[in-house]
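Student: Encoded as structure tokens, here's the structure I'll be asking about.
Throughout, read-outs are computed from the coordinates displayed, never taken from laboratory work. Please read all numbers here as calculations on a predicted model, not as lab measurements. Don't worry about glycine lacking a Cβ; one is built from the backbone with ideal geometry, like all the others, and counts go over all protein chains shown.
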Amino acid sequence: MRSRLAADDRILRLLDIAELPAADAGEQVEIIQASITDMDAMEKACAGADAVIHLGGHSLEQVWSKILDVNINGTYVVLEAARRQGVKRVVLASSNHAAGYVEKSRGEAGDYEFPRPDTNYGVSKVALEALGSLYADRYGLDVVCVRIGSCFEKPKDVRMLSTWLSPADGARLFEACLATPAPGFRVIWGISDNTRRWFSLDEGRKLGYESQDDSEAYAAEVIAEHGELDPESHAARYLGGAWCGPDFNTAEKEAGR
Ligand code: 15L
């Protein structure tokens, strides 16, 4: 998003726990290396900002202690730091895994699916949405939670033909989340206008998002490489795909079984 969200009238303040590349000549960025769980650092990062886009944390399944610390407490710190510094709008990266156990046989996932998390990670995204709701209702922040599908340069497997969010559409969606007047609290799907999509685009469109990409451009290539989805597989049955299957049974692994 660093290059995609760049604009003449904008300074992007980028925060990551990892070391980020320094600013290129003419690039209007400020770099901060810190953890999203560090309140002091987050308050400094939020000072004077118009909006926060929170994409930090573990992006894959992890043991509970890490999810609790980084994804759940980290989101609390982001929102609280934003509140303390008077930031009016926060965009939060939620995930399809907040509703991973929704069965696809029900048809396109609607505007708002009640949470059915498929993993510790999915639970953290439900908690993120709950925290966002609290900060919108109690403290008056505008909070948009984007349940992102699969945001990669290209769909990596057949499931992603349905869940893909092109990075360019991701940037369009974030711009819409920043620009839309007074959204209050929203939960929207973050996907491209894929021919095979499983999710409604209606809530995103209400914020002004117009997807320009469709994973169908990659369908022949992806299917030739991976074959069609096995109808008996978790990937074919649930929104969360393989995350609903035994490989993601973290509890058994943590218990040493
Ligand atoms: C996610 O939420 C992950 O962060 C991402 O890495 C993908 O695995 C994606 O979901 C997905 O469901 O494809």
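Student: Could you work out the local net charge near ALA217, counting Lys and Arg as +1, Asp and Glu as -1, over the other residues with Cβ closer than 15 Å to its Cβ? Provide the component values of the computation, followed by the final result.
Tutor: Values: positive: LYS154, LYS156, ARG196, ARG197; negative: GLU153, ASP169, ASP193, ASP213, ASP214, GLU216, GLU221, GLU225.
That works out to -4.
Student: Still on this structure: Scan around ARG13 for amide H atoms under 5 Å from its own, H built in the peptide plane at 1.01 Å from N, and keep only partners 5 or more places away or cross-chain.
Tutor: Counting only residues 5 or more places away or on other chains, the set is GLU30.
Student: On to the next question. Given springs between every Cα pair under 10 Å in a Gaussian network model of the chain, which of ASP202, ASP157, ASP230 has the largest fluctuation?
Tutor: ASP230
Student: Let me ask you something else. Collect residues whose amide H, placed 1.01 Å from N in the peptide plane, falls under 5 Å from the amide H of ARG147; neighbours closer than 5 in sequence don't count.
Tutor: SER94, ILE188, TRP189, GLY190
Student: Defining a contact as two alpha carbons under 8 Å apart and six or more residues distant in sequence, what relative contact order in percent does the chain show? If you can, show how the numbers build up before the last one.
Tutor: Numbers: 501 pairs, mean separation 45.7, N = 257.
Relative contact order for the chain comes out at 18 percent.
Student: Summing -39500 (n - 2.57) over the DSSP H runs of n ≥ 4 in the chain and dividing by its residue number, what mean residue ellipticity at 222 nm do you reach, to the nearest 500 deg cm²/dmol?
Tutor: Working: 9 runs with 78 residues, N = 257.
About -8500 deg cm²/dmol.
Student: So which residue, out of GLU61, GLU221, GLU175, gets the largest mean-square fluctuation from a GNM of the chain using Cα contacts under 10 Å as springs?
Tutor: GLU221
Student: Take the chain, connect every pair of alpha-carbon atoms lying under 10 Å apart with a spring to form a Gaussian network, then pick out the residue of VAL126, VAL70, VAL144 with the largest mean-square fluctuation.
Tutor: Its mean-square fluctuation being the largest, the pick is VAL70.
Student: Can you give the local net charge around ALA109? Use residues other than it whose beta-carbon is closer than 12 angstrom to its beta-carbon, Lys and Arg +1, Asp and Glu -1.
Tutor: Result for the local shell: -1.
Student: To continue, here is another question. Would you mind counting up the charge near GLY132? Only other residues with Cβ under 14 Å from its Cβ, with Lys and Arg at +1 and Asp and Glu at -1.
Tutor: Taking every other residue near GLY132 into account, the sum is +3.
Student: Any chance you could run the full-extension gain for LYS88 through LEU20? It's 0.36 nm times the residue separation minus the Cα-Cα distance, nm to one decimal.
Tutor: Working: separation 68, 0.36 × 68 = 24.48 nm, distance 2.62 nm.
Extra length available between LYS88 and LEU20 comes to 21.9 nm.
Student: With everything on Cα atoms, drop me the angle between helix 120-139 and the longest principal axis of the chain, reported from 0 to 90° to the nearest 10.
Tutor: Between helix and principal axis, roughly 40 degrees.
Student: Can you tell me the 0 to 90 degree angle between the C-alpha axis of helix 167-179 and the longest principal axis of the chain, rounded to 10?
Tutor: Computed tilt is about 50 degrees.
Student: By how many nm would the segment from ASP38 to GLN212 grow when fully extended, if each residue of separation counts as 0.36 nm and the alpha-carbon distance is taken off? Kindly include the intermediate steps, with their values, before the conclusion.
Tutor: On the way: separation 174, 0.36 × 174 = 62.64 nm, distance 3.73 nm.
Roughly 58.9 nm would be gained on extension.
Student: Under a plain spin-label model, where a point goes 7 Å from the Cα along Cα-to-Cβ, how far apart in nm are ASP50 and ALA168?
Tutor: Each label point is offset 7 Å from its Cα along the Cβ direction, giving 2.4 nm.
Student: Next question, about the same structure. Which percent of Cα pairs goes in each bin when the distances of segment 52-254 are cut into 5 angstrom slices starting at zero?
Tutor: 1, 8, 16, 19, 20, 17, 11, 5, 2, 1, 0
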